[in-house]
Each structure stands twice: as C-alpha cells, then as structure tokens.
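Only the coordinates and a few stated rules stand behind these numbers; no lab work does. Just so it is clear, the model here is predicted, and its values are computed rather than measured. Note: ideal-geometry Cβ built from the backbone for every residue, glycine included; neighbour counts use all protein chains shown.
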Amino acid sequence: MNARILKLRKQSVERKPYISSERAELITDFYQSGIGMEVSAPVFRGLALKHLMENKSICINDGELIVGERGPGPKATYTYPELCCHTLEDFDVMSRRQRTSFDVSESVKKVYAERIIPFWGGKTMREKVFGAMTADWHRAFEAGVFTEFMEQRAPGHAILDDKIYHRGLLEFQSDINDQLKKLDYHNDPEAWHKEQELKGMSLSIEAVLTLSRRYADKCGELAAVESDPARKAELEQMEAICRHVPAQAPRTFHEALQAYWFVHVAVITELNVWDSYNPGRLDQHLWPFYERQIAEGTLTAEKGKELLECFWIKFNNQPAPPKVGITEEQSGTYTDFALINIGGVDPKTGADAVNALSYLMLDVVEEMRLVQPSACIQISAKNPERFLRRACKVIRCGFGQPSVFNTDVIIREMLHHGKSMVDARSGGPSGCVETSAFGKESCTLTGYCNWPKIFELAMNNGIDPRTGLQVGPKTGQFDTLSDFDSLMQAYRSQLKHFIDMKVHGNNVIERLYATFMPAMFMSVITDDCIAKGRNYHNGGPRYNSTYIQGVGLGSLTDAMAAVKYHVYDKKTISAKTLREALKADFVGHEKLRSQLESSPRWGCDEDYADAIAVELFNIYYDLVNGRPNTKGGQYHINLLPTTVHVYFGQVTGALPHGRKAGLPLSDGISPTQGTRSYGPTTVIKSAAKIDHARTGGTLLNMKFTPQTLEGDGLEKLGHLIRSYFKLDGHHIQFNVINKDTLLAAQRNPTEYRDLIVRVAGYSDYFVDLGPDLQNEIIARTEMTQLG
Amino acid sequence: MLRDELKGVIFDIKKYAIHDGPGIRTSVFLKGCPLRCQWCHNPEGWEAEPELIFHQARCAGCGKCVSACPQGAIVLERGRPAMNPEKCIHCGNCTSVCHSQAREIAGRYVSADELLAEIEKDIVFYDESDGGITLTGGEPLMQANFCRLVLRRCKQRDIHTTVDTCCCGPTESLQALAEYTDLFMCDVKHTDPAIHRQFTGMDNALILDNIRFLADRGCSLVIRIPVVPGFNDKPEQIDQIVQFAKTLKTVRRIDLLPYHSGGVGKAQKLQKSCPVLNTRPPQRQQMQFLQRVVEKHGFNVKVGG
C-alpha cells in the first residue's frame, strides 16, 4: 500500500469510535418543528432526510479520493433517537464497557440531557415495539429464548445490485414522476398511499443530491486554497465527479465507486438499518468500467487498487451504531456487516464471472486487513481453481477473510424461495451468511432463537430453572417422559409455542415500521418499490423474506444425543439422576459428567448424533418455513449466531452432554467447542447432512493453525472447500492462528491490537472481544495436524 | 480362519491426512512392527496386540483400576497404580472405571468391512483431491493378509491405495500387497547394516532387497528418509541413501522427514523399557542443506511429511 493509503488506514484504525450527537440534534429539531403533523409519514421521512443532508457536516480527509463521512469525521458514530433514545446510563455503559466501547464527550451528554432525552420519552420505536408485545413475549425475551432485532435498529439487510452504475438518481426520479402520472385515483384504492410513498422517495433523492452537491462544493473550496498542485488537481477532479454522480450514471471506475459511496452514506444516515448497506458483487459491477479504462489506458491496475483501498477505508470509518442491552450481547461488534462479494457466476448466462478485478480485490483484502468491509468469495463449480487458490492464500494470512460461499447451492436456495433464475444468480450472501436477491429483496432477520434454552424448558415442564418462572407451556417433567420420542415431542411443542409467539411479535413490528418509519431512500434503490408505489418496509421489494435464526444446533444435538444414549438406549443413567446432576450444574456429579461428555457428538460423521441434528433441523424448518409475513412474503430459516451464542449460553443452564451452565453454545452449525473428532473431513460430512438448499444460510467455522496450510496444505484446503460444496454446504470460514498467539493476545492486548479473528459471520479485532468470547474462540476445536 | 472373519489390529485412523501420499487421505495405523527405531514417534505401533497406555499425569490415584482388574495385574504402590504387563490381557476394564481418563487401550480389532465403512465415508474428499487411503503403522507387512484384503476391497471401489512400509518383512508378503497398491512409501534409514541394527534392532539387507524387488516389479515408490541427528544427518550418510535410490527406476520423490520428539512421551506412557533416543529436531537450515544434497541427484524432494 502506498503512502496515501498507509496514512488513511492509520487514521481509520487508530481513531477510537466516538458518539456524535449531530444527527440526534438535527432529527430532534425536525420532529419538534411540527411538520410531522402536516404531512404523511413517507413525505415526512423524505423531508427528514433532506433536513439531515442539508445540515450535516461535510468532511473531506486529507489525501482521500473517495469522499463522504456519515458523521463529522472518521469513526464518528451517529445515534438514531427516533428509534432508540439512549439514556445517560447507556452512554456511561458504552464508554466503559470492554467490548465495542465508544468515547462519549461531556457535550454529547449535555445535549442529550437537555434536548434529546426530554423530547423522545415515549415516542421512540423501541418503546412502540416493547409496548406492543404481550406479557408472554416479554417473559420469553427476558429468559433468553429469543432476541429481537428491531428493538433498537430498523430492518435492513439490504444489498445493492448494479442499478446505480447504469442510471443516475435523476433517472430514478423521472421513473417516480412517471409512476405519479400513472396513478389511477378512480380505480385504485391505494392511489393516495402510493402517491405519498412516491413523493417521499422523490424527496429522498433530492436529499442525496444535496449531499453530493455539498461535497462537490467543498472539494472546490479546498482546491481553491490547496497549495500542492497534485492534490489541487485531485480535488478538482473529485469536485467534477461529485457534480456528476450519483445524479447521473458514472462514466469511470472512480465515479462508480464514488456513486456507490454516496448511496451508502445516505442509507446509513436515513436509518440505522441492520447490516448498514452493501455493494454486493462489486467485482461484477465495476468490471465494465475497469475493463474499458484499462483498454483505453485511462486507468492502471495500480490506480484501480488505490481507489479500491480508499473505498475500503471508508467502510472502516463507519462503526456500527452503538447497541445496548441484549442487542449488544447478540451482536457486539463495531463491524456493520457490509460483505463485499467477489467471484460467482454471470446472472444471465450462469457462466464463470471471475475477472481480473476479482483478483485485484483479493489483493486489496490481503493488504488492507480491516474488520470492515468484510469480504467473501462466491465459488461455483465453474469458477477456476486458481481463483480459489488465490483466496486460500489470503485466508492463510489468518485474519478471517475472505469467507467462502457456495454459489451453486445459494442459487438453489433462492430458487427454492421462489426467485427467478436471473435474480438468484445476481444475488449472494450478505451480512453474516444470509442470502438474498441483491437490489430486489427485503430480507429481514428478526432475531435469534435459542434452541438449547427451549430444550431446557422442555426438560422442566416449561419452567425456567434460572428464575423459576413458567416461561413455556407445560409439556411434562423430563423424568416422566417415557422415551426419546416423547422428549423430542415435548421440545417440538415448546418450540412451536415460541415460534408462534415470535411470529406474532414480528407481524406487529413489521406494521409499526411500515407505519411510522418508512425507509424512503432504500425504497428508491430496491426494485420494485417505485413500480409498486410501496415502501421497502411494506412489501415494496420484489421479494420479502423474514427470518428467525436458529442457534445452538451443535449444543442441542449433543445434549439430546447424550440423553438418548445414556437414559433411553443404554439405560446407564436414570432420568432422575441426570435431572439432579443438571440442577446441581454437575457439582458432586463429576464422574457422571465425564460419562456424559463421552456420548456421541455432532461433527464426527457418526449417524447416531447426526440423525438427531437432521431431525432438529427438519422440525425447525417445518415450524418456520413458508409462514406468511405481513409484506406478501414468507418466513424462511437460517442458522447463524453473530455473537449471540455467548449470550444465549449465559442464560442456559447445564446441558446433558456435560456442558456447564453459562458457557457459550456452539456457533452456527459448527460442532460444540472442544469436540474431538477425526478431523475436518468429519466435521464437513456431518455439517453436510442437513439440507442447506432449504435454508437462507448456514455458518460453519473451522480453525487451522498456519502449519497445516504450508506447502501443498494450501491446495488441500481448496479440496476441502470443494468437497464441502459438492455436498451442498452453504458457507465455510477459517481462523488460521495459533492458540498460543491468542493466549498471548489475551495477556498483552496492546501488543495485539492488529490481530483479527473470524468471530461468526464477520471478523473482529481479538482484543475488542469480551473475555468470554475470547475464551470461546480459543476453545473452538483446533484442527491441528502434526507431521 | 475364514477370510470374512479375518480381523486386523489398528491403533488409529486419521482423516484429512495430507502428508501421507497424494491428496486428502485416510491413514490407517496398523499395530505391530519388527523394528524398534529409537526415534520412533508411534511406539504404540510396536506390539502386535492391543496394549494399555497409562497417562501418569492424569492419574488421580483413586485405585479403582486395582479392583477392576480381573487378573490382579495392578497394585497400588505409594498411591500410584503399578502394572505387571505380563499379566495384562487388555480387557479394558480398568479404562472404563478410570474417570480421569488416565488409562486407555491402544489398539482394537476391526474387520475389513468395518474399516471399509469408515474409509468410504471420505470418498468425496478422495474424489476431489485424487486422494485415497494409506496403510501405515506400525508396519502393515506384519498384518499382510488383513492389509491385502483391505487394499483389494479399496481397489474394487477404485480408491487409490498407498502403503507406508519399512519393508522389513517377507518378500512374499510385499508381493501380496503390491498387487493392490498404487504407491509404496518406503523408509530407508541408513545404508550401513551395523548402524542400522544398532538403532533399529534389525539389519537392513532384507529392507534394501525388498525395495529393489518393488522397483523391479515397476511399483511407484517414494523413498522416505527420517533425518535423525546423530544417526544419519551427515550429508555423506544421506548421499549414500540417495546413491541407492538412484539404482531404482521407479522413485517418484524422496521425502526428508525431520526427527521430532513426539515419541518420547508416548514410550513412557507405554512403559517401554527399550532405548529411546531423545535428541533435538534438526535445524531448518540443516534440512535445507540436505535437501540440496538430494536434489543434486535430480530427485524431487519434499521436506516434512
């Protein structure tokens, strides 16, 4: 990386995230103005974005080529009081906590105390959401049965396709005007609603164009006073670029990147949508510009790389909005889940789509080593071996990127969910591992579902042993259940109860967002919101999927396998003894515990345990998949944890496979931490026994030491990936590190500030993780191969 | 004994074995070896029968093993169990009562069918990587009938087969395996018969003859040289081995395997009384130097395995 990038990267990495009250003040002013009483919600939210864009600060960092900060500077982090108004205590916790802490200045606290908090009491989405949930829902939520994504952040999980690279926002605005003209007030009872939505969308375009114009002006001002002729020329060029995009379609590689970045900043300023925003298949979108300019001689690979690196740093400058409470527990990270896709197939022809830019982007990933943006490769059977090999070399560096996805099964997943072939091929994974049709889908993750906790309730007649409260239905005490099938049936009844409850809650929350918090700009850039005249949050997109993410497959399989093996099949342990041991958290039952620990386990390619996993998967699928949401779409399932397996572990008591209360659950579909198996092939074989093609994403973690990947070990890693994908595996990711390195990092965090590990669907700085999560990463099965 | 009843004794199965032949492999470790190499890192492969491993560090001294032993082979001495190996019949009773997992049995009987079922689980990886199975040990030749059966079943299923052998066994046994073996990995430790005997317990004449037999028969060979400081790590010693390899027509590669001390602790756990070499692993530079010695003769060389 050159001197420019070194400097920008350093600035980005070293600046600690801090809270900026700028947006909170602007939005509060706007809500206080009373305009909300005069206009409809879509128009109001369009005007609100305009107000933000007209008044927010403009920041151009010295030397940068891509411009646009969300807040006043790198790492400044906005708050969104209309969704979640932080208390002074929240700020106190935020500034002191070990994981994902934020600097909060006295002036921010003062503004909050005097202006923000007094206004928002009782008016936030968070209060609306919690207020609309039933007492049963709250009891389950507090017990840790499930989490709720929308209690602090807006639904999002959106990814852009190629639309902004072909057309400017002015053209989208003219589409909107065309739609407005076509409205049929005589025959369409929705006409007025559509009109309001379309007007709000149009206002949001004006807002974004205000932002790009202000950046153009600022570039001009800086150029006028710049003494270095080289930088002056750059600033003049940047001014011209900002005058052109995103109003009009980009003409160059540089313009294309800048166009995306304005769109990104707009999305994350409008709302605190989950997973920020995401350029999706960037190597595909940029390829036409790159190819043409390289041929013309107006761009070199070196310059292209520099621009990409400037672009990468912009993501790292925007930490995820601060989270508190359970939302922080389930997703405790600065990363905001933008996942750049590299590779895959051509949407129209299905042919191999890897190009020179795909390789260049892997170079960028290797050089930048940033937690944001995350990068993944899409691998189809059609993609060349050398591309996979190049990616494996980057994986070997050991910072957890890129993760690896199976394009062929992702396409089948999307076809299974009713998407067209072209839309399926143009999509891919986003966030952690979840798939969607890029640019055309609202794919909303609504919360994690704690399978082992639900099993604990099933063993205890619906009572939570931690609190003594009746959280679930009365399905009988474990020692009164005569056989394994009865136990499975009790689990199924509990699960159904909570899925019903969660869906009930979701159906209400979806309406709350559609009514109070329409996302106007996201509607502009997601097909077919303009054509339908409907909002992103209200069924406007072509596809509308809702997910409840299953967590703890490995832990629950092991727990159930231990019960089946010892209590029902071998009858070596009585149900009563086991219950007592669990109640005592195995204290005084150490021998029993070691007996239980040697029960059959998930991840060893043994059907005894794996058959249970498959059954658990099918039960979850049958209870969730295909249920209607309120947006004309359906529910689907995926299996991923972010950091919630640590929190869910904290609220879950001892489990029958010898796991003590409070320890983390297994992550994604990975085996329980510390499971002894014959090695990575058995993990892969087990993981492939569940039917990935019927999900919207699964997550499999593996840890290798660097030694395993020396010499032809690298090629064999490629074979391992290809084999998993042949068996329809959805995703696999690798931590390549020594346990000793991690222990050393724990002892001397300051010396290891740079150490990045793969946590779940994302990478993070190891020293930024809480101690529990650090220990959990250390404990993950180490696939070491000794010579 | 009927063929279908033929059972083998194995002490480990290792999947994702990526250093024991081409591609991703499943390595099967057979028990029994005629040699007693002082640097051996798998001494649990020496004896032909299952045997007891005792992890002293894990032992809680509870004495449950003493009463569990039907042979009276274990007595408590100063709070620690001591065993008379002569009396042990490897029944495993003491291992199942030991909840600190200090006692385990190395070695179990398997039928070819059982082994094949395990081997076939990883076919997808063999297909993808041009991998297969590797019989190693111990010494596969010690269980030649069983190995031949396993190899034949593998070839019936078109699974690539490798045999990792010290070549110290009847030539007829080797011939019986060769029919179903795609690749032999043969150890050559030293060319001097006396030194060979001193460090391994056996002469090397039969070994070298057997390797030549395989080469003359057209079998693909990888020659593996364990590089052991103080035994064969001088360039002239390696050079002499390579001179021998040059007389063979089917050598595809020469592997130099640096000594590591993983066997020392294992030998203690097995309570072995034979001499155990405890030296330092060769330096990386030394290995690079020896690599060049071999390469000068025009061979492909791989360091580490």
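Please give the FRET efficiency for residue B:236 paired with residue B:113, using the beta carbon to beta carbon distance and R0 = 51 Å, rounded to the nearest 0.05. Intermediate values should be presented prior to the final figure.
Details: r = 49 Å, r/R0 = 0.96.
FRET efficiency, residue B:236 to residue B:113: 0.55.
Return the percentage of antiparallel bridges among DSSP beta bridges fully within chain A, rounded to the nearest 5 %.
Details: 13 of 44 bridges.
Beta bridges within chain A, antiparallel portion: roughly 30 percent.
Could you pull out every one of the lysines with an alpha carbon less than 26 Å from that of residue A:631, ignoring same-chain neighbours closer than 8 positions?
Output for residue A:631: A:123, A:128, A:163, A:181, A:182, A:194, A:199, A:419, A:440, A:496, A:502, A:532.
Could you give the dipole magnitude of the protein assembly as shown about its Cα centre, charging the beta-carbon of Lys and Arg +1 and that of Asp and Glu -1, in debye to the nearest 20? Mind showing how you got there, number by number?
Values: 128 positive and 132 negative charges, 357 e Å.
Approximately 1720 debye in magnitude.
Express in nm, to one decimal, how much length is gained between residue B:192 and residue B:284 on full extension, taking 0.36 nm for each residue of separation and deducting their alpha carbon distance.
Working: separation 92, 0.36 × 92 = 33.12 nm, distance 2.54 nm.
Full-extension gain reported as 30.6 nm.
Most mobile of B:96, B:27, B:173 per a Gaussian network model of chain B (Cα springs, under 10 Å)?
In the Gaussian network model the winner is B:96.
Rg to Rh ratio, the range A:186-327, alpha-carbon atoms and Kirkwood radius? Show your work: numbers first, answer last.
Details: Rg = 18.5 Å, Rh = 17.5 Å.
Taking Rh as the inverse mean 1/r over Cα pairs, Rg/Rh reads 1.06.
Mean-square fluctuation check for chain B, GNM, Cα pairs under 10 Å: which of B:123, B:211, B:254 is largest?
Per the Cα network of chain B with a 10 Å cutoff, B:123 tops the list.
Using alpha carbon centroids, what distance separates the range A:13-51 and the range A:571-626, in Å?
A separation of 50 Å, based on Cα centres.
How many angstrom separate the Cα center of the range A:336-391 from the Cα center of the range A:630-708?
Rounded to whole Å, the Cα centres lie 25 Å apart.
Take residue A:598 and residue A:483, extend 7 Å from each Cα along the Cα→Cβ direction, and tell me the distance between the two endpoints in nm.
Taking the two extended label points, one gets 2.8 nm.
Within the range A:608-634, what residues put their amide N at less than 17 Å from the label point 7 Å along the Cα-to-Cβ vector of residue A:511?
A:628-633
Helix-derived [θ] at 222 nm for chain A: sum -39500 (n - 2.57) over DSSP H runs of at least 4, divide by residue count, nearest 500? Show your work: numbers first, answer last.
Numbers: 33 runs with 382 residues, N = 787.
Computed ellipticity for chain A at 222 nm equals -15000 deg cm²/dmol.
How long, wide and thick is chain B, going by the Cα atoms along their three principal axes, in whole angstroms, largest first?
Principal axes ranked by extent give 61, 44, 34 Å for the Cα atoms.
Apply 1/(1 + (r/R0)^6) to the Cβ-Cβ distance of residue A:351 and residue B:175, taking R0 = 60 Å, and write down the FRET efficiency to the nearest 0.05.
Numbers: r = 51 Å, r/R0 = 0.86.
Given R0 = 60 Å and the Cβ-Cβ separation, E is 0.70.
Once the dipole of the range A:145-265 is set up with Lys and Arg at +1 and Asp and Glu at -1 on Cβ about the Cα centre, which of A:244, A:209, A:225 lies farthest towards its positive end?
The Cα lying farthest towards the positive end belongs to A:225.
Going 7 Å from the Cα of residue B:300 in the Cα-to-Cβ direction, what parts of the range B:5-22 have a backbone nitrogen less than 14 Å from that spot?
The answer is B:20-22.
Need one word for the range B:67-212: rounded, prolate or oblate. Basis is the Cα gyration tensor (sqrt eigenvalues a ≥ b ≥ c); a/c below 1.5 gives rounded, then a/b vs b/c decides.
Numbers: a/c = 2.67, a/b = 1.40, b/c = 1.92.
Because a/c hits 1.5 or more and a/b fails to exceed b/c, the range B:67-212 counts as oblate.
Please list, or write none, the lysines whose alpha carbon is within less than 22 Å of the alpha carbon of residue A:305, excluding same-chain residues fewer than 8 places away.
A:7, A:10, A:232, A:314, A:393
Evaluate the distance, in nm, between pseudo-label points positioned 7 Å from the Cα of residue A:779 and of residue B:253 along their respective Cα→Cβ axes.
3.9
How large is the convex hull of the Cα atoms of the range A:265-423 per residue, expressed in Å³ as a whole number? Don't skip to the end; give the middle numbers.
Details: hull volume 22.4 nm³, N = 159.
Taking the convex hull of the Cα positions in the range A:265-423, it is 141 Å³ per residue.
Does the range A:636-680 classify as rounded, prolate or oblate by the C-alpha gyration tensor (a ≥ b ≥ c root eigenvalues; a/c under 1.5 gives rounded; else a/b over b/c gives prolate, otherwise oblate)?
Values: a/c = 2.08, a/b = 1.03, b/c = 2.03.
Oblate, since a/c reaches 1.5 and b/c is not below a/b.
Please report, in cubic angstrom per residue, the volume enclosed by the convex hull of the alpha-carbon atoms of the range A:19-148. Mind showing how you got there, number by number?
Values: hull volume 21.1 nm³, N = 130.
Normalising the Cα hull of the range A:19-148 by residue number yields 162 Å³.
Work out, step by step, the length gained on full extension between residue A:98 and residue A:748: first 0.36 nm times the residue separation, then minus their alpha carbon distance; give nm to one decimal.
Numbers: separation 650, 0.36 × 650 = 234.00 nm, distance 1.45 nm.
Residue separation times 0.36 nm, minus the Cα-Cα distance, leaves 232.6 nm.
Report, please, the projected area of the range A:464-579 averaged over directions, based on the convex hull of its C-alpha atoms, in nm².
Numbers: hull surface 40.9 nm².
About 10.2 nm², averaged over all directions.
Hey, what D do you get for the protein assembly as shown in µm²/s if you plug the Kirkwood alpha-carbon radius into Stokes-Einstein at 4 °C and 1.567 mPa s?
Details: Rh = 31.9 Å.
Roughly 41 µm²/s, to the nearest whole number.
What is the mean projected area of the alpha carbon convex hull for the range A:540-645, to one decimal in square nanometres?
Details: hull surface 36.6 nm².
Taking a quarter of the hull surface, the average projection is 9.1 nm².
Let a ≥ b ≥ c be the square roots of the eigenvalues of the Cα gyration tensor of the range B:175-215; is it rounded (a/c under 1.5), or, if not, prolate (a/b larger than b/c) or oblate?
Details: a/c = 2.81, a/b = 2.58, b/c = 1.09.
Prolate.
Can you list the lysines whose alpha carbon is less than 16 Å from that of residue A:564, not counting same-chain residues fewer than 8 positions off?
Result set, ordered by chain and number: A:576.
What is the count of Lys pairs in the range B:138-276 whose alpha carbons sit under 22 Å apart, if the two are 8 or more places apart or on different chains? Spell out each step's value before the answer.
Working: B:189/B:234; B:189/B:246; B:189/B:249; B:189/B:266; B:234/B:246.
Lysine pairs satisfying the spacing and distance rule in the range B:138-276 number 5.
Points 7 angstrom from Cα along the Cβ direction at residue A:389 and residue A:167: gap in nanometres?
Once both label points are built, they end up 4.3 nm from each other.
Can you list residues whose amide H is under 5 Å from residue B:257's amide H, if they're 5+ apart or on another chain and H is modeled 1.01 Å from N?
B:225, B:227, B:304
Distance between Cα centroids, the range B:47-61 to the range B:128-187: provide it in whole Å.
So the separation of the two Cα centres works out to 29 Å.
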